[in-house]
Amino acid sequence: MKRLLITGAAGGLGTALRSKLAPLAETLRLSDMTEITDLSENEESMACDLGDAAAVEALVKGCDGIVHFGGKSTEGPWSVINNANIQGVINLYEAARKNGKPRIVFASSNHATGFYPQDQVIDNTVYPRPDGFYGISKVFGEAVATAYHDKFGMETAIVRIGSCFPEPRNHRMLSTWMSYDDFAAMITRIFDVPKLGCPIIYGASANTATFWDNSNVAWLGWQPKDNGEDYRAKVDADTPKPAPDAPDVIWQGGMFCAEDIHEE
Ligand SMILES: NC(=O)c1ccc[n+]([C@@H]2O[C@H](COP(=O)([O-])OP(=O)(O)OC[C@H]3O[C@@H](n4cnc5c(N)ncnc54)[C@H](O)[C@@H]3O)[C@@H](O)[C@H]2O)c1
């Protein structure tokens, strides 16, 4: 690609993955609410509020691929989620439709299916069961991605990201963790395959304790290498084991499923 856009580039995943994604394009266009200043030679910065349709159209112009990380990434007030994850996603897909239909990686979340129990293995055909405003907004984003594929032929991967951090931080993350290397390898496959379509992919490493089945997207050729199990002893030593009836033990979405994190 000549130019790959990364939205939300100042966030956790943007910061961790931008150098790993650099080989995919001659130029990385990095965008967030404010300008990013520590640019490498092949990077450019373009600040943009995703809720501003005109600004998003200018942002997308000239890009051959998009990794859409930008948005509210936790539970929060609806007004914030609405601007970033509802209006923002429509703005992004509309801008892409009008500007050459670049391939898009949509950062969805396990919270789109958070209310499946941890003792059930689910694949990418299950009906969404979001666990709050944030999860609802990700289901909306998945619907936008699907509709823009079906109606306009846009190729877009929906990644239900588990927990993408340097290492698992608690017992639930032994099942949901995805390493940065595995995610970068997945995104590379998404841009490399000749025909993508609109697959839903669970974003998790090769975790022994997984509750997600990615066999329907084996054709992508993505083979995660890391495994949360390697951190079990450390997690056992560092964090208290949750009670057997805690949301973090029962539900795939963990604490997001607790009533008391609902914010007005
Ligand atoms: N990290 C994970 O484990 C994980 C898990 C599931 C889903 N995701 C999704 O992946 C994406 C990236 O996650 P992250 O952990 O880097 O989150 P993050 O919160 O660290 O980064 C998100 C970035 O989006 C930007 N942003 C928020 N609202 C915006 C707006 N209106 N306009 C422009 N930019 C805006 C923020 O400034 C921030 O830098 C998010 O969409 C998140 O929902 C991440």
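Each value in this text was obtained by applying a stated rule to the coordinates, not by laboratory testing. Predicted model only: the values in this text are computed from it and were never measured. Neighbour counts run over all protein chains shown; Cβ positions are idealised from the backbone, glycine included.
Out of SER31, SER19, which single residue is loosely packed, with under 15 Cβ neighbours inside 10 Å and within 20 Å of the chain's Cα centre (by Cα)? Working first, answer last.
On the way: SER31 fails: loosely packed, with under 15 Cβ neighbours inside 10 Å.
One residue alone meets the criteria, SER19.
How many residues does region 90-127 contain that are buried (at least 24 other Cβ atoms within 10 Å of the Cβ) and β-branched (Val, Ile, Thr)?
Within region 90-127, residues that are buried (at least 24 other Cβ atoms within 10 Å of the Cβ) and β-branched (Val, Ile, Thr) number 3.
When you check ASN124 against the structure, is it farther than 29 Å from ASP238 by Cα and out of contact with any Leu (no Cβ under 6 Å at 6 or more places or on another chain), yes or no? Lay out the reasoning, then the answer.
Details: farther than 29 Å from ASP238 by Cα: yes; out of contact with any Leu (no Cβ under 6 Å at 6 or more places or on another chain): yes.
So ASN124 passes the test.
If you take the residues of region 189-209 that are surrounded by 21 or more Cβ atoms within 10 Å (Cβ to Cβ) and among the β-branched types (Val, Ile, Thr), which of them is farthest from GLU142 (Cα to Cα)?
ILE190
For the subset of region 133-157 comprising residues that are surrounded by 24 or more Cβ atoms within 10 Å (Cβ to Cβ) and either in a strand (DSSP E or B) or basic (Lys, Arg) (or both), which member is nearest to the ligand (Cβ to nearest atom)?
By that ranking, first place goes to LYS138.
So which residues in region 1-15 are within 14 Å of the ligand (Cβ to nearest atom) and loosely packed, with under 15 Cβ neighbours inside 10 Å, if there are any at all?
So in region 1-15, the residues within 14 Å of the ligand (Cβ to nearest atom) come out as 5-15.
Scanning region 1-15 gives a single hit, GLY12.
Looking at the structure I just gave you, is GLU43 over 21 Å from ILE90 (Cβ atoms), buried (at least 17 other Cβ atoms within 10 Å of the Cβ) and acidic (Asp, Glu)?
On the way: over 21 Å from ILE90 (Cβ atoms): yes; buried (at least 17 other Cβ atoms within 10 Å of the Cβ): yes; acidic (Asp, Glu): yes.
It is true that GLU43 is over 21 Å from ILE90 (Cβ atoms), buried (at least 17 other Cβ atoms within 10 Å of the Cβ) and acidic (Asp, Glu).
Being within 12 Å of SER108 (Cα to Cα) and more than 14 Å from the chain's Cα centre (by Cα) is the requirement here; does PRO168 meet it? Explain how you work it out, then say what you get.
Values: within 12 Å of SER108 (Cα to Cα): no; more than 14 Å from the chain's Cα centre (by Cα): yes.
For PRO168, the condition - within 12 Å of SER108 (Cα to Cα) and more than 14 Å from the chain's Cα centre (by Cα) - is not met.
Out of ARG29, ARG18, I need the residue that is within 12 Å of the ligand (Cβ to nearest atom), within 27 Å of PRO166 (Cα to Cα) and charged (D, E, K, R). Which one? It would help to see each step written out before you state the result.
Working: ARG29 fails: within 12 Å of the ligand (Cβ to nearest atom).
The unique qualifying residue is ARG18.
Can you list residue pairs whose Cβ atoms sit under 8 Å apart, with the first residue in region 8-21 being within 15 Å of THR188 (Cβ to Cβ) and the second being of a type in the set (Gly, Ala, Ser) and within 11 Å of the ligand (Cβ to nearest atom)? Count only pairs 6 or more apart in sequence or on different chains.
These pairs meet every condition: LEU13/ALA107; ARG18/ALA9.
Could you name every one of the helices (runs of 4 or more DSSP H) located completely within region 163-244 that has at least 3 residues being within 16 Å of the ligand (Cβ to nearest atom)? Break it down into steps so the answer makes sense when it comes.
Values: elements: 173-176, 180-192, 232-238.
So the answer is 173-176, 180-192.
Do we find a residue being more than 14 Å from the ligand (Cβ to nearest atom), within 16 Å of the chain's Cα centre (by Cα), buried (at least 17 other Cβ atoms within 10 Å of the Cβ) and not hydrophobic (A, V, I, L, M, F, W, C) anywhere in region 64-86? Walk me through how you get there before you give the answer.
Taking region 64-86 as the starting set, the residues that turn out to be more than 14 Å from the ligand (Cβ to nearest atom) are 64-65.
Right, trim to within 16 Å of the chain's Cα centre (by Cα) and you get 65.
In the following step, the residues that additionally are buried (at least 17 other Cβ atoms within 10 Å of the Cβ) were identified as 65.
Okay, now just the ones that are also not hydrophobic (A, V, I, L, M, F, W, C), so 65.
Scanning region 64-86 turns up at least one residue that is more than 14 Å from the ligand (Cβ to nearest atom), within 16 Å of the chain's Cα centre (by Cα), buried (at least 17 other Cβ atoms within 10 Å of the Cβ) and not hydrophobic (A, V, I, L, M, F, W, C).
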